[in-house]
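Everything below concerns the one structure shown next.
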Amino acid sequence: DRSRIMLEKREGLTQDDLAGSRAAYDAAIAYLDSELARLFRALDRRGLTDRTIIIVTSDHGEFLGEHGLMLHGNALYQEVLHVPLVVLFPPCVPEATRLAPLVSLRDTPATILELALREPSAPLPGRSLSRFWQGDAAAPAGAEPVLAHVTPGEFLEPWEPAAFHTLFAVFQDSLHLIRRSDGQTELYDFVRDPRAAHDLAASHPDAAQRLLQRLDSLRSNDRR
């Protein structure tokens, strides 16, 4: 049990503390939901909904005991990488549509600019997400690779994955690969195993190698 291991490492932390942290997090999300509802009602009353680009997302998720971790900035598992992304702009974005492909928040600025100008524009990094609701929505989850990374943090505990090493992750098809700067590699099937409980790196070396090559290619392109 990873939360039990974490409790052993973090002196003074109890299961009640974990439960309290989870409840507080849920309460924060519920409060945000209520404030968004107030915003949407106000826009409707003023007749501004069709003239307002609304994007709801988050810069990261949070560990609440999963993988023996707390907070964020310390690893690259789904709990901190899988965040909400809702785009509302009735003149251009189809309503009540849920798209399957994985996407990166890196594409958000280009999306906002294209929606605001009502035409393709490319002075920003990333690509507009409009490609998914303008004909590419049938692409399978993970068809486009998605890259993430985290660098060592000053206040991380020695046992946390990013305490002394930069971590990179790449998602493609149904696979999630994590590569540490010292060479340690993890591989998960994020569709069948979203909690990353079963590391496939040793049993599927060809898949791990393929994603490592993809990761190197993406990092090389980002440096250009």
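Averaged over its residues, the chain has an accessible area of 60 Å² per residue, based on protein heavy atoms and a 1.4 Å probe.
Only Cα pairs under 8 Å and at least 6 apart count here; give the relative contact order of the chain as a rounded whole percent.
Details: 302 pairs, mean separation 31.1, N = 224.
For the chain, the relative contact order is 14 percent.
Among the trypsin sites (Lys or Arg not before Pro) in the range 102-131, those located in a DSSP loop and surrounded by at most 11 other Cβ atoms within 10 Å of their own Cβ are Arg118. Of the two radii for the chain, the radius of gyration is 1.00 times the Kirkwood radius, both from the alpha carbons; that is the Rg over Rh value.
Comparing Gly61, Gly153, Gly47 in a Gaussian network model of the chain (Cα springs below 10 Å), the most mobile by mean-square fluctuation is Gly47.
Surface composition of the chain: carbon and sulfur atoms hold 53% of the protein heavy-atom accessible area at a 1.4 Å probe.
Given DSSP loops and a limit of at most 13 other Cβ atoms within 10 Å, what is the longest stretch of the chain that contains no such GluC sites (Glu not before Pro)? It runs 12-94. Loop-located trypsin sites (Lys or Arg not before Pro) across the range 22-69 with a Cβ neighbour count of 12 or fewer within 10 Å are Arg46, with loop assigned by DSSP. Computed with a 1.4 Å probe on the full set of protein chains, the accessible area for Thr97 sits at about 80 Å².
Entry note, the chain: the mean residue ellipticity at 222 nm calculated from DSSP H runs of n ≥ 4, each adding -39500 (n - 2.57), is -10500 deg cm²/dmol after division by the residues and rounding to the nearest 500. Here the Karplus relation 6.51 cos²θ - 1.76 cosθ + 1.60, evaluated at θ = phi - 60°, turns the backbone of the range 113-119 into coupling constants of 5, 5, 5, 5, 8, 6, 7 Hz, with x for every Gly and Pro. A simple count of charges around Asp199, restricted to other residues whose Cβ falls under 10 Å of its Cβ and scoring Lys, Arg +1 and Asp, Glu -1, yields -2.
The translational diffusion coefficient of the range 13-130, from Stokes-Einstein at 4 °C and 1.567 mPa s with a Kirkwood hydrodynamic radius over alpha carbon pairs, comes to 77 µm²/s.
Our coupling estimate for the range 160-169, obtained by passing each phi through the Karplus curve with A = 6.51, B = -1.76, C = 1.60 and θ = phi - 60°, is 6, x, 9, 4, 10, 9, 6, 10, 10, 9 Hz, Gly and Pro reported as x.
Which loop chymotrypsin sites (Phe, Trp or Tyr not before Pro) in the range 143-224, with loop taken from DSSP, have no more than 16 other Cβ atoms within 10 angstrom of their Cβ?
Those that pass, being in a loop and sparsely packed, are Phe155, Trp159, Phe164.
The values are calculated or read from the model by the stated rules, or taken from the named source; none is laboratory data. Keep in mind it's a predicted model, so treat the numbers as computed, not measured. When we count neighbours, we look across all protein chains shown, and the Cβ atoms used for this are built from the backbone with ideal geometry, even at glycine. What goes into the accessible areas is simple: the full protein's heavy atoms, side chains included, and nothing from ligands, DNA or RNA. Shrake-Rupley method; radii C 1.70, N 1.55, O 1.52, S 1.80 Å.
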